[in-house]
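Q: Attaching a single structure in structure tokens format; questions to follow.
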Amino acid sequence: MNFIQDLRLLLKSRYPIILINTREEERLEYMMKNHISCLDNEKVYCWDFVDGYTSNPNDNGYAQRNPLLALEFIEKLDNRYLNLFILKDFDSFFRDVGLIRKLRNLSQIIKTQSKNIIIVSCKVNIPYTLNDVITVIDLPLPNLPEIKKEIKRLSIALSIVLDIELVNNLAKSCQGLSIDRIRKVITRTIAQYGQLDSRSLSIIIEEKRQIINQTRLLEFYPYKKANKDIGGLNALKLWLKKRSRSFSKQSFDYGIPTPKGLLLVGIQGTGKSLTAKAIANDWTLPLLRLDIGKLFGGLVGESESKMREMVTIAEGLSPCVLWIDEIDKAFSNLYSQGDSGTSARVFGTFITWLSEKTTPVFVVATANTIQNLPSEMLRKGRFDEIFFLDLPNNEERELIFQIHLKRIRPQSWQNYNTKQLSLLCNKFSGAEIEQAIVESMHTAFSEEREFSTEDIKIALGQFVPLAYTDKEQVENLQAWAASGRARNASLQ
Ligand SMILES: Nc1ncnc2c1ncn2[C@@H]1O[C@H](COP(=O)(O)OP(=O)(O)OP(=O)(O)O)[C@@H](O)[C@H]1O
């Protein structure tokens, strides 16, 4: 169901007070007036703190700076018609006991009348006492058809002729932006180039990157890694290869459900982050990295709001890959964190979204530890698959050496004896192999010569891998994976 259908259903089912979570007040108002009120014959009233009621000339300015009066107006209004009241700024008064009481009373009264209250807010922070009377829904960011419509409208208004292909490309690059942002970025590109053409795409993408980074939750992550840059992990690579077209229309028409995502559990430096980047690259999708630590902190209720904001942006940008690094750090010991249940609530929102989402957001979550992860996360149906990334075996280590040496010395990599090197670094991770190569390069560079197999051997000999320094943790993970709770990423 889409947003309008969801909202109409709530209104028809007489949910008295609905909070719509969005920053796009203007777009919401437009949708209410043009979709809801036209279809259902509702009269729409709008109120905000500074201007009071504005939609009807008779009531213009009524209840300015007086939210209590704004509610009394709703109560007293003749109820012959279907009436919809859009209240902006209202959540700012959620601490006022009088208003809370009035809202509770009003929610009972208007249940039997043809009235609905819509509170518009860009953060969901409902006091406990109003939880049972307010229903929250999110206004998603504009979808592709809506964006195309807006671009066409703007081009007509600005007398610019656009061909269909350009409209399609512009619309795709604007995904994830609000209508207001789209207008701004389009007018900015026109101001810069005097027209809209393929040059506009890079400006839009850069603007989008900045906006997403400004959320400080998500980062538009640049990537250059591909499946071929991963040494070993053949089972995981094959699994991904099979799904590389799962977000296409053909796959949808074939009846394949949209993949939900992967949980990659493994020892540090075994290529979990590398895999997230390679998926985005090989599937040609944008990569969004979520800084999960930033979801927490701030005022009560803010974490839940931030989680919803993250979901709205990711869905607005779909199809995309959402990379959640070190998910174990945020959701370990959920029920014993002494944070009044914030982590548990945020986790609940996340896991419900993950299970129910139908939008093509492919989640790649990574974890270094397993013992404290909530069991709900590991249950079937959450992620499509849980892979365990172990320390590379001998054959994989050789491939990892070759990949890095080919990148560093594309002309002379074959001069290095990778077979011999891989035998010398049992229990090394991919990251540790890379580090040893870099170390050998430093040595040789300082002596003004080319680095050799011998230099790498010396560097390996000086290195104590994590498998020795944190033996217990590594063995615990391996034992967990061996118990069959995750698929081995290396074995087919
Ligand atoms: N299988 C591999 N093939 C090639 N390079 C690898 C492999 N595994 C690790 N590396 C190298 O090590 C670097 C670090 O790996 P990566 O960040 O993907 O590990 P990680 O499992 O995410 O570690 P962490 O848990 O510490 O975040 C990679 O950028 C890559 O250069």
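The values are calculated or read from the model by the stated rules, or taken from the named source; none is laboratory data. Quantities reported herein were computed from a predicted structural model and do not represent experimental measurements. Neighbour counts are summed over all protein chains in view; Cβ atoms, including those assigned to glycine, are modelled from backbone coordinates with ideal geometry. Ligands, DNA and RNA are excluded from the accessible area calculation, which covers all protein heavy atoms including side chains. Shrake-Rupley method; radii C 1.70, N 1.55, O 1.52, S 1.80 Å.
Q: Would you list the strands (runs of 3 or more DSSP E) that sit entirely within the range 226-327 and hold 2 or more residues that are closer than 17 Å to Gln214 by Cα?
A: Because the criterion is at least 2 residues that are closer than 17 Å to Gln214 by Cα, the strands (runs of 3 or more DSSP E) in the range 226-327 that meet it are 287-290.
Q: Could you list, in sequence order, the residues of the range 281-291 that are within 13 Å of the ligand (Cβ to nearest atom) and open to solvent by less than 40 Å² (accessible area, probe 1.4 Å)?
A: none
Q: Same structure, new question: Among residues belonging to the range 288-310 that are out of contact with any Phe, Trp or Tyr (no Cβ under 6 Å at 6 or more places or on another chain) and of a type in the set (D, E, K, R), point out the one that is modelled with the lowest pLDDT.
A: Here the answer is Glu302.
Q: Is there any pair with a first residue in the range 223-236 that is within 6 Å of the ligand (Cβ to nearest atom) and a second that is of a type in the set (Lys, Arg) whose Cβ atoms are under 7 Å apart and which are 6 or more apart or on different chains, and what are they?
A: Hits for this filter: Ile230/Lys237.
Q: Just to be sure before I move on: is Ile211 part of a loop (DSSP other than H, G, I, E, B), β-branched (Val, Ile, Thr), more than 13 Å from the ligand (Cβ to nearest atom) and closer than 22 Å to Ala314 by Cβ in the structure I sent?
A: No: the conditions fail for Ile211.
Q: Scan Lys419, Lys380, Lys406 and give me the residue that is basic (Lys, Arg), at pLDDT 95 or above and more than 14 Å from the ligand (Cβ to nearest atom).
A: Lys419
Q: If I filter the range 469-492 for residues that are β-branched (Val, Ile, Thr), open to solvent by less than 90 Å² (accessible area, probe 1.4 Å) and at pLDDT below 95, do I get at least one hit?
A: Scanning the range 469-492 turns up at least one residue that is β-branched (Val, Ile, Thr), open to solvent by less than 90 Å² (accessible area, probe 1.4 Å) and at pLDDT below 95.
Q: Also: Which ones in the range 239-257 are among the hydrophobic types (A, V, I, L, M, F, W, C), open to solvent by less than 100 Å² (accessible area, probe 1.4 Å) and more than 19 Å from Ala276 (Cβ to Cβ)?
A: Ile256
Q: Return the residues of the range 422-436 that are open to solvent by less than 20 Å² (accessible area, probe 1.4 Å) and more than 9 Å from the ligand (Cβ to nearest atom); say none if nothing qualifies.
A: Scanning the range 422-436 gives Ser422, Cys425, Phe428, Ala436.
Q: Would you mind finding the one in Ser318, Ser305 that is more than 16 Å from the ligand (Cβ to nearest atom), open to solvent by less than 20 Å² (accessible area, probe 1.4 Å), in contact with a strand residue (DSSP E or B) (Cβ under 7 Å, 6 or more places away or on another chain) and in contact (Cβ under 8 Å) with a residue 60 or more places away in the chain?
A: When all the criteria are applied, what remains is Ser318.
Q: Let me ask something additional. Touching a residue at least 40 places away in the same chain (Cβ under 8 Å), open to solvent by less than 20 Å² (accessible area, probe 1.4 Å) and under 20 Å from Cys320 (Cα atoms): which single residue out of Leu177, Leu196 fits that description?
A: Leu177
Q: Among the residues of the range 244-268, which ones are in contact with an Asp or Glu (Cβ under 8 Å, 6 or more places away or on another chain) and away from the ligand (no atom under 15 Å from the Cβ)?
A: Ser244, Pro259, Lys260, Gly261
Q: Which condition does Glu376 not pass, out of (1) of a type outside the set (Lys, Arg); (2) closer than 30 Å to Lys357 by Cα; (3) without any contact (Cβ under 8 Å) to a residue 40 or more places away in the chain; (4) not assigned by the TED database to the domain that holds Gly271, if it passes all the others?
A: Failed condition: (4).
Q: Separate question: Looking for something of a type in the set (Asp, Glu) and buried (at least 19 other Cβ atoms within 10 Å of the Cβ) - is there at least one such residue anywhere in the range 66-77?
A: Checked against the condition, which is being of a type in the set (Asp, Glu) and buried (at least 19 other Cβ atoms within 10 Å of the Cβ), the range 66-77 yields no hits at all.
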